[in-house]
Amino acid sequence: MTLPLIYLLEKEPEMRASVQAVMSDGHYGQVSRKVVLDALERSGVLERARKQAREYAKAAQPSIEGLPGSPYLEALRTIPAYIVERER
């Protein structure tokens, strides 16, 4: 979740105190989870981060080409898409 938070702070610097509270506390005691999620959705940074993650995953694919076929190779091929596309 780090990249979306970085993008959020770029777009909405007023969220800094809320994000810092959650990060330093390690939980949503001082700040509602909904407040942070709403800001992430409203600002459009989640889609921006997903797009960047897709680009990283695509760029990594050539690194595994040429490896012998195995269940591990198949996992390396499918895990990035799963992580990028999964719903939270």
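FYI, it's all coordinate maths here, none of it is from the lab. Bear in mind that the values here come from a model prediction, so they are computed numbers and not experimental data. For neighbour counting, all protein chains shown are included, and Cβ atoms are generated from backbone atoms with ideal geometry for every residue, glycine included.
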Can you return the lysines within cross-link range of LYS11? Criterion is Cα-Cα under 19 Å, with same-chain partners fewer than 8 residues away left out.
LYS34, LYS51
Histogram of C-alpha separations across the chain, 10 Å bin width, %
15, 38, 25, 16, 6, 0
Roughly speaking, what is the centre-to-centre gap between segment 10-37 and segment 47-88 when only Cα atoms are used, to the nearest Å?
29
What helix-only [θ] at 222 nm does the chain give? Using -39500 (n - 2.57) per DSSP H run of at least 4, over all residues, to the nearest 500, the answer is -24000 deg cm²/dmol
For LYS51 paired with TYR82, estimate the spin-label separation in nm (one decimal), with each label point 7 Å from Cα along the Cα-to-Cβ line.
2.7
Karplus (6.51, -1.76, 1.60) ³J(HN,Hα), θ = phi - 60°, over segment 35-47, in Hz, Gly and Pro reported as x
4, 5, 4, 4, 5, 4, 5, 4, 7, x, 6, 5, 5
